[in-house]
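Data first, discussion second: the structure below is written as structure tokens.
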């Protein structure tokens, strides 16, 4: 099946019997409509006579209508249906990270002794990480004059603070006992060198896996705050690792410090089962889903996740993803497989339309920046999709392959911005660039595509997502999101942008090659199990990058509504009631207002 047929044919069928043998009666094509009328026969002797003729007629009708017809009814295909199942993970709130190691308090109590001390020269000892000339510049004002003891102590404190600004949070400069021979003042530096890392590991992740990370902290060198905290955050990101407690203790040698890590574990198995009504009535409005993940089951910090989804009609989808740490610097290797099978019901049932979608991918993820407040991840992904659609009523099949390479940057930043006494928020940014190739393997579908959308061949697309979560009061907050896509040409349905966050419309509404959308939500939490909110959504799509039909090519959608969400113990739920501010739904039955719900149990 090709999407030219799917969106451009208005099918009217007269039933005279139970046998599914078709005879073409008439085709009437106008500027705005293409109407096809068929008659069902139960005379089996005519079956072969009509079979060869109606395939040709369907082809002619598809071509004519794809060039001039109005998109009255959208028949979902495997690409469209798979798009509806994609999780919106970008909106997830980044976890709150711990600051493991910080600077100790500085010296504030200086000597009150006013005895003058003549200093001719300042000599700095024990420094290795910072050049002597740099440190001497901080204290050269003490030379060739009389100073009291407090001024000398303040000079040592300047060196200490300089070290701390460079991230050497254990460094300390002090005045050793001395006689100041020939007026030479000695300031000695203890840079806070790491003796060793002591690991008390209570998680399922093996010591050898964690040690690949702790080996990134060099021993017998000054302990650097940024590097140490980054390493501990990367360890906390490992699957199977729970809370980490970092403590410092005196090392075996003077000036050395040992780092003691107490690592707790997390449950090996986590999961959720849920139900919602966010499906399409053609593939099943009500859906049951299940999610199960294992955390470091093998002890290597790996994560395996399995997802299943089924509807109250003929839709079933499953996915499996795995991710392994392959180095001690946060580099992760991942792979995944998913498969979706569907059969259309409701008004498309007589078409006997069904299909499958398969997806294979390999990916690499690397943290370019990993800190308590700022994070930047790079992800490289190679993907292959196999799409198959069949309409038994017309004896047509469409098989397609999509090969795509994607590069993504994911940025998040926590800040203390705000108005009033309560401050704080999170910015998120995701940019994805895709280079791909579509190969239509079915000759008839390829011929149709060449005369209509011309999606065959290479394509590029660029996606942008931007979000902000802002605290307003102790019990209220605001979230906003902006997203969009640009394309180099007309795209297959599997690569189009969707305005699925439009909560007053069905999930399949608003597919296009290019477009943008935005949403804003204001929440107020009365209790953890009761958080009502108000929202507004708006978006616009360009259905085809290069229009090939005489019809309006863009569409704007908007919705406003109320929602409520919450949870109690292991139970969670959400509900929305939304009113559309723009035209009626086309992809599914129009409802005003539109109600959606979801509920789940975590284990």
field: One residue from 338, 289, 296 being surrounded by 15 or more Cβ atoms within 10 Å (Cβ to Cβ) and under 22 Å from residue 588 (Cβ atoms)
entry: 289
- prompt: Within the bounds of segment 406-414, is there any residue that is loosely packed, with under 14 Cβ neighbours inside 10 Å and part of a strand (DSSP E or B)?
  reply: yes
- request: Please verify whether segment 317-334 includes one or more residues that are at pLDDT below 95 and surrounded by 21 or more Cβ atoms within 10 Å (Cβ to Cβ).
  value: no
query: Is it true that some residue in segment 521-529 is under 29 Å from residue 281 (Cβ atoms) and touching a strand residue (DSSP E or B) at 6+ places or on another chain (Cβ under 6 Å)?
result: yes
query: What's the number of the condition residue 164 fails, among (1) touching a strand residue (DSSP E or B) at 6+ places or on another chain (Cβ under 9 Å); (2) in contact (Cβ under 8 Å) with a residue 24 or more places away in the chain; (3) within 22 Å of residue 254 (Cβ to Cβ)?
result: (1)
message: Take the residues in segment 350-368 that are over 22 Å from residue 323 (Cβ atoms) and assigned to a strand (DSSP E or B); name whichever of them is nearest to the chain's Cα centre (by Cα).
response: 357
Residue 577 at pLDDT 95 or above and over 25 Å from the mean Cα position of the chain (by Cα): yes
task: Kindly provide the set of residues from segment 276-301 that are in a strand (DSSP E or B) and within 18 Å of residue 318 (Cβ to Cβ), ordered by number.
output: 276, 287, 288, 289, 290, 291, 292, 293, 294
query: Is segment 474-487 home to any residue that is closer than 30 Å to residue 417 by Cα and more than 25 Å from the chain's Cα centre (by Cα)?
result: yes
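Listed here are the residues, each with its yes/no results for (1) under 16 Å from residue 189 (Cβ atoms); (2) out of contact with any helix residue (DSSP H, G or I) (no Cβ under 8 Å at 6 or more places or on another chain); (3) not assigned by TED's automatic domain parsing to the domain that holds residue 180.
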residue	(1), (2), (3)
112	no, no, yes
124	yes, no, no
130	yes, no, no
133	yes, yes, no
139	yes, no, no
143	no, yes, no
148	no, yes, no
155	yes, no, no
message: Yes or no: segment 338-346 includes at least one residue that is over 23 Å from the mean Cα position of the chain (by Cα), outside any strand (DSSP E or B) and without any contact (Cβ under 8 Å) to a residue 12 or more places away in the chain.
response: no
message: Give me the residue from segment 442-453 that is in contact (Cβ under 8 Å) with a residue 24 or more places away in the chain and either buried (at least 18 other Cβ atoms within 10 Å of the Cβ) or under 16 Å from residue 395 (Cα atoms) (or both) and, out of that set, farthest from the chain's Cα centre (by Cα).
response: 444
- prompt: Can you tell me which of 422, 435 is modelled with pLDDT of 95 or more and either touching a strand residue (DSSP E or B) at 6+ places or on another chain (Cβ under 8 Å) or outside any strand (DSSP E or B) (or both)?
  reply: 435
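The values are calculated or read from the model by the stated rules, or taken from the named source; none is laboratory data. Quantities reported herein were computed from a predicted structural model and do not represent experimental measurements. All Cβ positions, even for glycine, are placed from backbone atoms using ideal geometry, and neighbour counts span all protein chains on display.
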